[in-house]
Amino acid sequence: MQNMRKVMISIKGTPVPIEDEGRDGSFELMTDGEYFTEGDVSTFSYVESDLTGVDGMLTTFNVEPHRVVLRRDNGMGGDMIFSESQKHHFLYETPFGSVLMGIDTHSIKTNMRDDGGSLEIRYDIEVDNISVSKNLFEINIRSFPQ
């Protein structure tokens, strides 16, 4: 990882519950993290804080040409795989048991460079095969001046 960079990561998430399209449940997070590229794959990661409710958990995004994988190292499993026009299911472990979740990705727009970039993902979330929300991730990564 010779091209690892310290970066500022800005994440805006906009969930819209299916039954209440007008409700605003958006969030924004600004944090420092690490970023590197290898070939046509970009990876960035950051450590969650108390503000997100999972203090100390490492969150990693692997951005490939037509797919994004979000991995949270919390021992609860369930990588979120975003792949345009494909639905991916995974078991999400909670303290109360497993839940079958699905990610139905509508679009992925990336502009990743060696020094950072941007990522936009539009997707729906299903729980036990029932749609529960439409979502938008808007992520910007900026390198700190060298």
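Ordering MET4, MET80 by accessible area with a probe of 1.4 Å, largest first, what comes out?
Of MET4, MET80, the descending order of accessible area is MET4, MET80.
Please give the per residue accessible area of segment 56-140, computed with a probe of 1.4 Å over protein heavy atoms only, in Å².
Heavy-atom accessible area per residue stands at 52 Å².
When we measure straight from the Cα of LYS12, which lysines land under 16 angstrom away, once same-chain ones fewer than 8 places off are left out?
LYS109, LYS134
Taking all protein chains in place and a 1.4 Å probe, what share, in percent, of the accessible surface of segment 95-146 do carbon and sulfur account for?
The value for segment 95-146 is 51 percent carbon and sulfur by accessible area.
Ignoring ligands and nucleic acids, what accessible area does ASP79 show with a 1.4 Å probe (Å², nearest 10)?
50
The values are calculated or read from the model by the stated rules, or taken from the named source; none is laboratory data. Predicted model only: the values in this text are computed from it and were never measured. Each accessible area value is taken on the protein alone, full model and side chains, heavy atoms only, with ligands, DNA and RNA left out. Shrake-Rupley method; radii C 1.70, N 1.55, O 1.52, S 1.80 Å.
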